[in-house]
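Right, one structure below, let's go through it.
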Amino acid sequence: MSQEKPTVLLEHYLKELKLPTFLREHRKIAELCGQEGTDYQTFLLRLVEREIQDREVRARERRIKAAKFPVIKTLDSFDFQAQPSVNQPLIRELMSGEYLDRKENILLIGNSGTGKTHLATALAFGACQQGRKVRFYSATGMVTTLLERREERQLERFNRQLERHELIVLDELGYIPFSKAGAELLFEVISRAYERTSLILTTNLPFEAWTEILGSQRLTGALLDRLTHRTHILEANGESYRLRESKKRTRRGTKKNQGEI
Ligand code: ADP
Ligand code: MG
């Protein structure tokens with residue numbers, strides 16, 4: 001009983017201090033250190049190290065969850081040979097994340113299925129792993145959210161939340177034209193991010209066609225001016241990966257069928 005009491009109290013304090021790994025591991029490590037005859041400082045050091053390691057893992061998981069990636073993609077699963085138009089050395093350099101310290105942007109331009117979303121996700125996921133605060137949006141999702149926040153009179157608050165990120169992905173600009181209000185709100189986000197938060201933007205639209213999506217030539221000019229300054233432009237202009245893969249499958253299927261005949 002007398003031995004139980006300090007443990008109960010200790011566990012209560014550890015909970016209060018929010019040290020879950022201490023709580024979980026202290027008995028095991030105490031036993032281990034007892035067997036090894038290590039001193040008290042080493043025992044404490046081991047526990048503290050575990051707590052810190054676990055805390056980093058939890059923080060990384062939280063950041064990844066908060067980034068709201070639709071699907072997680074990494075560079076390991078990207079086949080550069082299938083898309084030779086992509087500047088592989090530049091992508092590899094960008095993975096270091098230094099562009100984020102310089103508040104530079106990345107623009108991925110190319111036709112559908114060429115891996116733009118995959119690369120944007122891999123870069124953003126890499127940034128998360130490095131401890132950066134990241135948020136992934138589809139461009140239309142962002143515009144819808146902006147319009148909703150404005151409706152709720154929460155726009156300023158939302159914009160300030162966005163500013164707390166180190167990287168914002170705006171995926172697939174160009175599939176749906178925006179309303180005038182939507183385009184203006186998006187412009188505000190991009191303006192406020194300028195030299196403050198890095199953006200990764202993917203689009204299937206060549207610059208000449210941006211006016212069609214954004215509506216106004218003046219707005220497009222101003223937006224491109226901000227977006228293309230301090231920006232790494234990556235082009236992906238090969239064949240659609242999906243199309244290529246399904247053609248391969250069809251070919252394999254045909255061959256198999258021919259073999260069977
Ligand atoms: P985009 O955004 O350019 O339209 P996606 O990135 O959505 O293209 O790619 C479509 C699908 O093909 C995704 O599942 C993606 O992971 C895959 N993909 C595209 N290019 C490659 C590639 N070079 N290597 C591996 N997978 C790829
Ligand atoms: Mg895409």
*State whether one or more residues within region 53-62 are at pLDDT below 95, among the aliphatic types (A, V, I, L, M) and closer than 22 Å to C128 by Cα.*
yes
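Filter region 44-63 down to residues that are among the aliphatic types (A, V, I, L, M) and closer than 12 Å to F22 by Cβ, then give me how many there are. Can you show your working first?
Residues of region 44-63 that are among the aliphatic types (A, V, I, L, M), as a first pass: 44-45, 47-48, 52, 57, 59.
This time we only want the ones that are closer than 12 Å to F22 by Cβ, so: 44, 47-48, 52.
So the count comes out to 4.
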*Considering each residue of region 86-111, count those that are within 16 Å of ligand 2 (Cβ to nearest atom) and open to solvent by 60 Å² or more (accessible area, probe 1.4 Å), and give that number.*
1
*Is there any pair with a first residue in region 198-226 that is closer than 24 Å to Y99 by Cβ and a second that is part of a helix (DSSP H, G or I) and within 16 Å of ligand 2 (Cβ to nearest atom) whose Cβ atoms are under 7 Å apart and which are 6 or more apart or on different chains, and what are they?*
I200/A120; I200/L123; I200/A124; T202/K116; T202/T117; T202/A120; L205/I213
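Yes or no: A120 in contact with a helix residue (DSSP H, G or I) (Cβ under 8 Å, 6 or more places away or on another chain), within 16 Å of ligand 2 (Cβ to nearest atom) and assigned to a helix (DSSP H, G or I)?
Details: in contact with a helix residue (DSSP H, G or I) (Cβ under 8 Å, 6 or more places away or on another chain): no; within 16 Å of ligand 2 (Cβ to nearest atom): yes; assigned to a helix (DSSP H, G or I): yes.
Criteria not met by A120.
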*Across region 123-156, which residue is surrounded by the most Cβ atoms within 10 Å (Cβ to Cβ) among those that are in a loop (DSSP other than H, G, I, E, B) and touching a residue at least 40 places away in the same chain (Cβ under 8 Å)?*
R132
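Is region 163-174 home to any residue that is open to solvent by 30 Å² or more (accessible area, probe 1.4 Å), part of a helix (DSSP H, G or I) and at negative phi? Steps first, answer last, please.
The first filter runs over region 163-174 and keeps only residues open to solvent by 30 Å² or more (accessible area, probe 1.4 Å), leaving 163-164, 166, 172.
Narrowing further to those that are part of a helix (DSSP H, G or I): 163.
In the following step, the residues that additionally are at negative phi were identified as 163.
Looking through region 163-174, at least one residue is open to solvent by 30 Å² or more (accessible area, probe 1.4 Å), part of a helix (DSSP H, G or I) and at negative phi.
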*Which residue pairs have Cβ atoms under 8 Å apart, sit 6 or more places apart or on different chains, and have a first residue in region 81-103 that is among the polar types (S, T, N, Q) and a second that is open to solvent by 70 Å² or more (accessible area, probe 1.4 Å)?*
Q83/Y241; S85/E235; S85/N237; N87/E235
*How many of the residues making up region 66-85 are within 16 Å of ligand 2 (Cβ to nearest atom), of a type in the set (A, V, I, L, M) and either touching a Cys at 6+ places or on another chain (Cβ under 8 Å) or modelled with pLDDT under 95 (or both)?*
1
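Quick one: would you say R27 is part of a helix (DSSP H, G or I), within 29 Å of K133 (Cβ to Cβ) and either in contact (Cβ under 8 Å) with a residue 12 or more places away in the chain or open to solvent by 60 Å² or more (accessible area, probe 1.4 Å) (or both)? Break it down into steps so the answer makes sense when it comes.
Working: part of a helix (DSSP H, G or I): yes; within 29 Å of K133 (Cβ to Cβ): no; either in contact (Cβ under 8 Å) with a residue 12 or more places away in the chain or open to solvent by 60 Å² or more (accessible area, probe 1.4 Å) (or both): yes.
Considered against the rule, which asks whether it is part of a helix (DSSP H, G or I), within 29 Å of K133 (Cβ to Cβ) and either in contact (Cβ under 8 Å) with a residue 12 or more places away in the chain or open to solvent by 60 Å² or more (accessible area, probe 1.4 Å) (or both), R27 comes out as no.
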*Unique match (being more than 16 Å from ligand 1 (Cβ to nearest atom) and open to solvent by less than 10 Å² (accessible area, probe 1.4 Å)) among S179, S191, S198, S216*: S198
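The values are calculated or read from the model by the stated rules, or taken from the named source; none is laboratory data. Since the model is a prediction, treat every value here as computed from it, not as a measurement. As a convention, Cβ positions derive from the backbone with ideal geometry for all residues, glycine included, and neighbour counts pool all protein chains shown. Surface areas here come from the heavy atoms of the whole protein model, side chains and all, with no ligands, DNA or RNA. Shrake-Rupley method; radii C 1.70, N 1.55, O 1.52, S 1.80 Å.
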